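Take a look at the structure below.
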Amino acid sequence: AAGGPKALPNLGAIEATGPKDKVYIHAPAVELAQGSRQVVFQGGCRMVQGRSVLTAARFVWDRQSGTFTAEDKVLLTAVVPDKSGPERRLEVRAGRMLYDPSRRKILFDQAVRTLSSDGDMTSAELWGTIEEGRGVTKLYARGGIRILQANREATGDRALIDLAGNRFVLQGAPWQYNYLPLVIRNFPPVTPTPTTPAASPTPPITPGTR
């Protein structure tokens, strides 16, 4: 299916390209039961708009509310602005993606993994708001945060990915190994404290011995 109603997800808005590019959906099977408001795409689905690509095992589009769900092995790739250059690639993997056009919100859950030039982050959830004319500039994550950059690692409860500023903001009792370049709010950096072995006790002096 090509183009379609305006209620279809606007992937181009994620990278601030706007709705000028048509939305193309490729799927081996499409189901539309009589009287149903849902259109179900199955069998290895692919949605393309401009340079943004979304793939999953199943797409479900609610024609009445406009909500869109991608399920099972979800992969979104998009190009976002970069303050150090013209643009960079963003990749999000998850078990499910939900898109609500009325609230302009996109949500990923079920074992989320986010990859960008800033690093590799895993979380339980990831969401963001599509801003008019700017696309998604910030992504918020929650639950079991783990961030990897080269040989450095950090964990926390919540995180913000500032796409425009090229940085992670980690919150919630963060633990840093090898000092990740993170902005820590409300919590001081925590570093391992070396353990000093206890001194061996001095043997007692027995009278008449040397």
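The values are calculated or read from the model by the stated rules, or taken from the named source; none is laboratory data. Everything numeric here is computed off the predicted structure, so don't read it as measured data. FYI the Cβ positions are ideal-geometry reconstructions off the backbone, even for glycines, and counts take in every protein chain you see. Quick note on the areas: whole protein, heavy atoms, side chains included, nothing else; ligands and nucleic acids left out. Shrake-Rupley method; radii C 1.70, N 1.55, O 1.52, S 1.80 Å.
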For the range 107-170, what is the accessible area per residue in Å² when the probe is 1.4 Å? 43 Å²
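Pull out a ≥ b ≥ c, the square roots of the eigenvalues of the alpha-carbon gyration tensor of the range 17-73, then state rounded if a/c is under 1.5, prolate if not and a/b is larger than b/c, and oblate in the remaining case. Don't skip to the answer; put the middle values down first.
Values: a/c = 2.06, a/b = 1.34, b/c = 1.54.
Oblate shape, in that a/c is at least 1.5 and b/c is the bigger or equal ratio.
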Going residue by residue through the range 121-132, the Karplus relation 6.51 cos²θ - 1.76 cosθ + 1.60 with θ = phi - 60° gives ³J(HN,Hα) values, rounded to whole Hz and with x marking Gly or Pro, of 10, 10, 7, 7, 9, 8, 8, x, 10, 7, 8, 4
Hey, can you find the accessible area per residue of the range 28-81 for me, probe 1.4 Å, expressed in square angstrom? 49 Å²
Once Lys and Arg are counted +1 and Asp and Glu -1 for all other residues with Cβ under 11 Å from that of residue 58, the total becomes -1
Check cross-link reach from residue 22 to the aspartates and glutamates: straight Cα distance under 18 Å, and skip same-chain residues fewer than eight apart. 132
If I model a spin label as a point 7 Å beyond the Cα along the Cα-Cβ vector, how far apart are those points for residue 29 and residue 140 in nm? 3.8 nm
Between residue 73 and residue 120, what is the FRET efficiency for a Förster distance of 22 Å, r being their Cβ-Cβ separation, to the nearest 0.05? 0.75
